[in-house]
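The values are calculated or read from the model by the stated rules, or taken from the named source; none is laboratory data. Quick caveat: nothing in here was measured; it's all calculated off a predicted structure. With ideal geometry, Cβ positions are generated from the backbone for all residues, glycine too; neighbour counts draw on all protein chains shown.
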Amino acid sequence: MTTHSTVTLSLGSTEVVAEVADTDPLRERGLGGRNRLEEGRGMWFVFDTDELWAFWMKDTLIPLDIIWVAADGTIVTIAPLVAPESFPEVFRPTQPARYVLEVPAGFAAKHGIAEGQKIVVQ
């Protein structure tokens, strides 16, 4: 299993410790094959450019909230409660994003995380 570096992200009063996926192999694997993701944990996908990055649930076993984030840290789109069985459906942001955060399904609603808010990398 590949060891990821981690980053702490602040979303208002909520913190997420996220594994960093900043290479093609790490981004392609994502959270695929895992059977759990602890509360307060996630995966932070880092891209080199702002794009309409598409995500799907191939090989993903746990439901997720998928959060697209602009280069300035503004949340641009949230796809809540994305189920593993949604594959091969593809999810995209409404505008270009530089980052994507995946957290356990329901996390955004539970913590009042909404589009337009900022995520700060600690």
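Some observations on this one:
- Condition check for ALA71: over 15 Å from VAL121 (Cα atoms) and surrounded by fewer than 19 Cβ atoms within 10 Å (Cβ to Cβ): no
- Condition check for THR77: closer than 21 Å to THR6 by Cα, hydroxyl-bearing (Ser, Thr, Tyr) and not in a loop (DSSP other than H, G, I, E, B): no
- Screening ASP59 on (1) over 14 Å from the mean Cα position of the chain (by Cα); (2) of a type in the set (D, E, K, R); (3) assigned to a loop (DSSP other than H, G, I, E, B); (4) at negative phi shows it passes everything except condition (4).
- There is at least one residue in segment 91-98 that is over 20 Å from ASP22 (Cα atoms) and surrounded by fewer than 14 Cβ atoms within 10 Å (Cβ to Cβ).
- Yes/no for ARG27 being surrounded by 14 or more Cβ atoms within 10 Å (Cβ to Cβ), free of Cβ contacts under 8 Å to residues at least 24 places away in the same chain and not small (Gly, Ala, Ser): yes
- Selection within segment 45-67 - out of contact with any Phe, Trp or Tyr (no Cβ under 7 Å at 6 or more places or on another chain), buried (at least 22 other Cβ atoms within 10 Å of the Cβ) and closer than 17 Å to THR94 by Cβ: ILE67
- Any hit, segment 21-40, residues being hydroxyl-bearing (Ser, Thr, Tyr), at pLDDT 95 or above and not in a loop (DSSP other than H, G, I, E, B): no
- Hits in segment 30-44 (condition: under 16 Å from GLN117 (Cβ atoms) and surrounded by fewer than 17 Cβ atoms within 10 Å (Cβ to Cβ)): none
- THR49 vs. criteria among the polar types (S, T, N, Q), in a strand (DSSP E or B) and either in contact (Cβ under 8 Å) with a residue 12 or more places away in the chain or within 20 Å of LEU9 (Cα to Cα) (or both): yes
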